[in-house]
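Novice: Mind looking over this structure? Questions follow.
The values are calculated or read from the model by the stated rules, or taken from the named source; none is laboratory data. Since this is a predicted model, take the numbers as computed values, not measurements. Cβ: placed from backbone, ideal geometry, glycine included. Neighbour counts: every protein chain shown. With ligands, DNA and RNA removed, areas are computed over all heavy atoms of the protein, side chains included. Shrake-Rupley method; radii C 1.70, N 1.55, O 1.52, S 1.80 Å.
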Amino acid sequence: MARTITIDSHDFTHSLEAFLKRFEAMSHQYNSTTHHSHDLELLTDEYAAFITNQANRNLWDELASEELGAELVWSLRRESAFCVAIMEKYRALKLLSGSSDQSDYFKNIESCIEQEFGSFQVSSDSKVLLVGSGSFPMTPLLIAKRTGARVVGVDIDAEAIHLGRSVLNVLGPEYDICLTQTPPEKLEGINEFTHIIFSSTVEDKFNIMDRLHALTSDQVVVAMRYGNGLKSLFNFPLQEVDTLKWRLEEHVLRHDQVFDIALYKKNNS
């Protein structure tokens with residue numbers, strides 16, 4: 001279990017700068033092997049414990065008015081997101097090399113589908129799009145396994161798509177899951193999707209959601225994973241949306257997790 005880290009205001013910025021240097025070092029070490037996977041796993045666990053610690057969140061709120069360096073915040077957000085993507089690659093490579101127990105990947109899932117869509121549940125008749133599917137597509141596997149829905153995952157990273165497809169061949173070849181590099185706006189049958197999930201580490205997610213408005217069904221439900229406050233150092237935060245297009249329906253707040261979820265529907269009134 002990761003050690004919980006609580007610090008005082010004097011050390012806060014120094015701690016963030018130290019995390020940034022460590023993430024930058026880990027991102028430069030990735031070479032499509034698992035040689036540094038353990039070190040990155042330890043760092044990510046430590047950072048997650050830092051982000052979810054209530055005392056640290058309180059301290060962040062106190063310091064927000066002092067405007068911690070914007071460059072530091074953005075750099076941490078991007079580097080940690082990049083390292084999350086690398087850690088998924090490590091997980092995939094370990095599974096494909098036979099060095100992991102396959103059953104472990106259906107335990108302790110980061111986000112259960114019962115929470116993901118609040119009152120807008122997925123069924124076997126649903127068609128789900130995940131933007132930012134990554135190298136280890138646990139969310140598509142979980143959705144397909146539990147509901148029988150068709151799931152399409154998109155990612156801009158060619159290596160992630162390749163690894164993700166290989167993982168699916170091992171963990172869920174029987175499920176109706178497709179992974180592709182095709183941009184969401186160019187997907188065939190985009191108007192048939194009933195649910196769309198945006199990964200919290202997709203930087204352009206709100207712009208993509210805006211572009212999808214005219215292309216998607218009037219009944220589509222969007223689950224936007226995000227992090228505000230201290231969690232914004234590990235996720236891209238909420239942004240204002242065009243209220244003539246989208247209506248915020250629910251917040252799914254998960255205080256012990258690194259991201260929360262905002263649910264949107266089209267404003268058809």
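Novice: Kindly report, to the nearest 10 Å², the accessible surface of His28 as traced by a 1.4 Å probe over protein heavy atoms only.
Specialist: Counting only protein heavy atoms, the figure is 150 Å².
Novice: Whenever you get a sec, compute what percent of the accessible area on the chain sits on carbon and sulfur atoms (1.4 Å probe).
Specialist: 48 percent
Novice: Give me the count of lysine pairs in the chain whose alpha carbons sit under 25 angstrom apart, restricted to pairs 8 or more positions apart or on different chains.
Specialist: Lysine pairs meeting both conditions in the chain amount to 28.
Novice: Still on this structure, I have one more. Which length gain, in nm to one decimal place, applies between Ala55 and Ala25 when the Cα-Cα distance is subtracted from 0.36 nm times their residue separation?
Specialist: Working: separation 30, 0.36 × 30 = 10.80 nm, distance 2.75 nm.
Here the segment from Ala55 to Ala25 would lengthen by 8.1 nm.
Novice: With the Cα gyration tensor of the chain giving a ≥ b ≥ c as the square roots of its eigenvalues, does the rule (a/c under 1.5 for rounded; else a/b larger than b/c for prolate; else oblate) give rounded, prolate or oblate?
Specialist: Oblate, because a/c is 1.5 or more while a/b does not exceed b/c.
Novice: Identify which of Gly118, Gly69, Gly153 has the largest mean-square fluctuation in a Gaussian network model of the chain, with springs joining Cα atoms closer than 10 Å.
Specialist: Gly69
Novice: Looking only at GluC sites (Glu not before Pro) in DSSP loops with at most 10 other Cβ atoms within 10 Å, what is the longest site-free stretch of the chain?
Specialist: Free of exposed loop sites, the longest segment is 68-173.
Novice: Please give the FRET efficiency for Phe82 paired with Asp176, using the beta carbon to beta carbon distance and R0 = 30 Å, rounded to the nearest 0.05.
Specialist: 0.50
Novice: Given R₀ = 30 Å, FRET efficiency for Ala18-His255 by Cβ-Cβ distance, to 0.05?
Specialist: Computed FRET efficiency for Ala18 and His255 comes out at 0.75.
Novice: Ok, one more. Under 8 Å for C-alpha pairs, at least 6 residues apart: give me the relative contact order for the chain, rounded to a whole percent.
Specialist: Contact order relative to length: 17 percent.
Novice: Which whole-Hz couplings ³J(HN,Hα) result when phi for each residue of the stretch 17-28 is put into the Karplus expression 6.51 cos²θ - 1.76 cosθ + 1.60, θ = phi - 60°, listed in order with x for Gly and Pro?
Specialist: Those phi angles translate into 5, 5, 4, 4, 4, 5, 5, 4, 5, 5, 5, 6 Hz.
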